[in-house]
Amino acid sequence: MNKSSTPIKVMIVDDSAVIRGFLGKLLENDSDFEILNTAANGQIAVDRLKKDKHDIILLDVEMPVMDGLTAIPLLMAAQPNVKIIMCSTLTTKNAETTLKALALGAVECIAKPSTTQDMYSKDTFRNILIHTVKEIAGIRNPIPQAAPTSRPTSSTTAPTSATPATSRPAAAEPQNSTAPTYTSLNRAGKTVKLLPADKGFSGKPDLLAIGSSTGGPNALFALIPHLKGIQIPVIITQHMPPTFTRILAEHIQQQTGITAVEGEENMPLLPGRIHIAPGGYHMTFKKNGPSTVIHLDEGPMENFCRPAVDPMLRSAVKIYGQKIMTVILTGMGQDGMLGAREIVAAGGRVIAQDEATSVVWGMPGAAALDGTCSAVLPLQEIGPWLRKSSLRLV
């Protein structure tokens with residue numbers, strides 16, 4: 001969003017006046033935001049949303065009169081296109097509630113500071129907050145396309161020209177008329193060049209890697225049931241804070257019947273098990289004798305995230321080489337794009353969720369526009385594609 005655009009209209013909903021003031025100051029220091037309203041509970045928020053149109057609502061979980069979970073359906077009924085971001089403290093109860101909120105229609109969750117020291121001694125929360133709100137409000141903005149440095153060499157990869165992140169990318173021109181293309185249904189004139197069917201490893205992979213962010217939990221719940229019977233390890237990086245990723249693993253196992261765990265240091269990757277990167281750590285891998293085990297990396301954030309998809313993919317490809325199948329699901333930003341390049345360069349394969357079924361076509365869109373995808377599919381078709389075309393479970 002540029003400075004000449006209409007500011008992003010935000011409502012802050014929290015029963016704590018201190019938190020409302022803190023969040024408001026962080027956003028008001030950036031001219032891209034306008035704090036249109038604040039509210040101490042969900043009922044006040046619903047009443048104010050009926051009067052004023054907002055782009056973003058920062059919504060607390062626990063509040064008197066009406067909590068965040070109760071408020072979501074009413075807020076979305078009052079303004080169906082409003083984007084709701086849950087702001088929660090890192091407790092197991094709040095993580096459970098936040099996952100329910102995401103299922104009801106909230107698009108993202110962020111962990112708010114729990115102490116005064118956290119609020120005022122670090123810039124990390126401010127950076128994450130501003131980046132998250134801008135990305136989600138920018139759903140209507142062009143998807144950034146990265147310069148083609150380190151792109152896998154192929155006469156069929158496209159597009160080949162760099163486009164600044166703030167300008168609309170030109171449609172990718174096919175360089176090989178016999179190669180398949182994917183045309184976005186939502187953005188007229190945009191064509192994504194797919195890699196030809198014979199490009200990349202076509203046998204059964206040794207690892208399935210999945211990256212997701214905004215809208216990711218619901219996408220995972222839709223995809224993972226198709227993985228029943230899988231005989232290779234599954235690794236997932238979903239952008240989430242600590243505690244939330246453990247609850248996500250528990251919910252995945254409860255809802256799908258597939259064993260799912262939050263990754264731990266030196267935990268082996270086991271066939272048929274889902275391993276989820278823990279909040280606060282990049283999930284990477286190392287060899288321990290014949291086994292591949294998890295190494296948790298507390299290094300710098302990448303793409304404003306920790307865990308991030310790129311470090312997971314970079315590390316995995318060093319061990320598994322071409323025998324990796326990668327899926328990039330809905331999410332903001334472009335995390336996973338650089339890792340996908342390395343997967344394809346090693347001979348592995350990448351597919352991405354399409355724009356129409358993504359909450360935000362940032363991550364999958366970046367990979368698709370970068371020319372590394374073998375397929376770009378609606379969410380409901382990804383699982384069947386994996387079973388028939390890659391994992392060969394049927």
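None of the figures in this text is laboratory data; all of them are computed from the coordinates on show. These numbers come from a predicted model, not from an experiment. Every residue, glycine among them, receives a Cβ derived from its backbone with ideal geometry; neighbour counts consider all protein chains shown.
So, counting K/R as plus one and D/E as minus one, what does the shell of residues with Cβ under 14 Å around residue 67 add up to? Net of charged neighbours comes to -3.
What the Kirkwood sum gives for the stretch 269-311 is a hydrodynamic radius of 11.1 Å, with every pair of different alpha carbons counted.
Quick one: net charge of residue 44's neighbours, Cβ under 14 Å, K/R +1, D/E -1?
Numbers: positive: 20, 48, 50, 51; negative: 14, 15, 47, 52, 60, 67.
That sum, taken over residues with Cβ under 14 Å, equals -2.
Each residue of the stretch 337-346 was assigned a 3J(HN,Hα) from its phi angle through the Karplus expression (A = 6.51, B = -1.76, C = 1.60, θ = phi - 60°), giving 5, 5, x, 4, 4, 5, 4, 5, 4, 7 Hz with x at Gly and Pro. For the stretch 8-140, the C-alpha radius of gyration sits at 0.95 times the compact-globule guess of 2.2 N^0.38 Å, with N the residue count. Here's the list of lysines a cross-link from residue 287 could span, going by alpha-carbon distance under 19 Å and ignoring same-chain residues fewer than 8 apart: 318, 323.
Run through every distinct alpha carbon pair of the stretch 181-390 and return the Kirkwood hydrodynamic radius in angstroms, one decimal place. Intermediate values should be presented prior to the final figure.
Working: mean 1/r = 0.0603 Å⁻¹.
Taking every pair of different Cα atoms in the stretch 181-390, averaging 1/r and inverting gives 16.6 Å.
Rounded to the nearest Hz, the phi-derived 3J(HN,Hα) couplings of the stretch 206-223 under the Karplus curve 6.51 cos²θ - 1.76 cosθ + 1.60 (θ = phi - 60°) are 9, 7, 10, 10, 10, x, 7, 8, 4, x, x, x, 5, 5, 5, 5, 7, 7, where x marks glycine and proline. If you take every DSSP beta bridge whose two residues both sit in the stretch 264-394, what share of them, in percent to the nearest 5, is antiparallel? Around 55 percent of the beta bridges assigned by DSSP in the stretch 264-394 are antiparallel ones. Altogether, the Stokes-Einstein calculation at 25 °C and 0.890 mPa s, with the Kirkwood radius of the stretch 252-361 over Cα pairs as Rh, returns a diffusion coefficient of 166 µm²/s. Residues whose amide H falls under 5 Å from that of residue 207, counting only those 5 or more places apart or on a different chain, are 325, with hydrogens built in the peptide plane.
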